[in-house]
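Working notes, structure below.
The values are calculated or read from the model by the stated rules, or taken from the named source; none is laboratory data. Please read all numbers here as calculations on a predicted model, not as lab measurements. Cβ coordinates were reconstructed from backbone atoms using ideal geometry, including for glycine residues, and neighbour counts include every protein chain displayed.
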Amino acid sequence: MATILTQKIMNDIVGRNINDDYITHLNTYMPQYGIITNPRIQFFIAIACGETGGFSKINEIMNYSKAGIEKTFSNKFHHNENINDYVMKDKKLANKVYGGIYKNGQITPTHSSELDNDYYQNSDGWKYRGGGIFQLTFKCNYEDYADNIGIGKTRVEELITSGNANCVREIQGAVRSACYYAQNHNKNGSTVLLEADKNTWESFINACRIVGRCPDGNNYQKKRDYLAKCRAYIGGDGIVRYDTGSRVENTRLTYLTSTELNVFLEAKRKMGT
């Protein structure tokens, strides 16, 4: 039987109190999209935690430093382009790196006065940047999701307009869009949920790749750590804590299988450590 998420389970996983609305909408939409076994829930929550910094942000933040741009988007710049022109200019950077692909239009400035950051407020790159707990990105994916929930492609901008239940930049839409993506987004013949059904370390890597860049440095390591926490708290007894700096943390439980993890945590619990 799958675990029903509670405030305590989620707080233990992310290490702080999260908004009650997340719990309500997770328990509503996960079953609707087939996220109904413990491995599926574990994979789903671990990836969502990694994408959102533990459910702390649901909108992609595009205010990058020069080093951040070079690390994340270096393939989007020609060798003679000045990256400094995009530092801490979120809308302009989004138009640059997300524009012109996957049904996104792209604004091309014609004179210097159009280089101001706010000029790109209505660019597709900015409007269809990452949103929701799986960071849904690109107009094509927003349109597919709009079709899935029955509003259709012609009303796709409802997904980025605040004040309605479909908006992926607010909690209800943020959760539902991720559930949709986990079930339906197919990459190389697989989905997040199909990879979760395999329930192996390799399949978790594959699931991460379906959602975004993988490996992606520190964020990828965080997803691995979140998976260990999810395996401890979702479908487990919820007794053993996983505290940063403890011997449990230092053993890197993410390298263990689900069975090995449970055996290890039970042994630590009995020893009182």
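Contact map, the range 88-104: residues that are over 12 Å from C140 (Cα atoms) and of a type in the set (V, I, T) paired with residues that are modelled with pLDDT under 95 and surrounded by fewer than 22 Cβ atoms within 10 Å (Cβ to Cβ), Cβ distance under 6 Å, separation 6+ or inter-chain. Pairs shown: V97/F73; V97/K76. Annotation note: of R40, R16, the sole residue that is at negative phi, assigned by TED's automatic domain parsing to the domain that holds R231, among the basic types (K, R) and not in a helix (DSSP H, G or I) is R16.
Yes/no matrix, rows are residues, columns are (1) within 22 Å of the chain's Cα centre (by Cα); (2) at pLDDT 90 or above:
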residue: E70; (1), (2): yes, yes
residue: N75; (1), (2): yes, no
residue: H78; (1), (2): no, no
residue: E81; (1), (2): no, no
residue: N84; (1), (2): no, yes
residue: K91; (1), (2): yes, yes
residue: G99; (1), (2): yes, yes
residue: Y102; (1), (2): yes, yes
residue: G105; (1), (2): no, yes
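Checked against (1) free of Cβ contacts under 8 Å to residues at least 40 places away in the same chain; (2) charged (D, E, K, R); (3) not assigned by TED's automatic domain parsing to the domain that holds T28, R169 passes all but condition (1). Taking residues in the range 31-49 that are free of Cβ contacts under 8 Å to residues at least 40 places away in the same chain and hydrophobic (A, V, I, L, M, F, W, C), and partners anywhere that are surrounded by fewer than 24 Cβ atoms within 10 Å (Cβ to Cβ) and not in a helix (DSSP H, G or I), the pairs with Cβ atoms closer than 7 Å and at least 6 places apart or on different chains are I36/A2.
When you check N59 against the structure, is it closer than 22 Å to I133 by Cβ, exposed (fewer than 13 other Cβ atoms within 10 Å of the Cβ), of a type in the set (S, T, N, Q) and within 21 Å of the chain's Cα centre (by Cα), yes or no?
For N59, the condition - closer than 22 Å to I133 by Cβ, exposed (fewer than 13 other Cβ atoms within 10 Å of the Cβ), of a type in the set (S, T, N, Q) and within 21 Å of the chain's Cα centre (by Cα) - is not met.
Among the residues making up the range 172-190, none is without any contact (Cβ under 8 Å) to a residue 24 or more places away in the chain and under 22 Å from F55 (Cα atoms).
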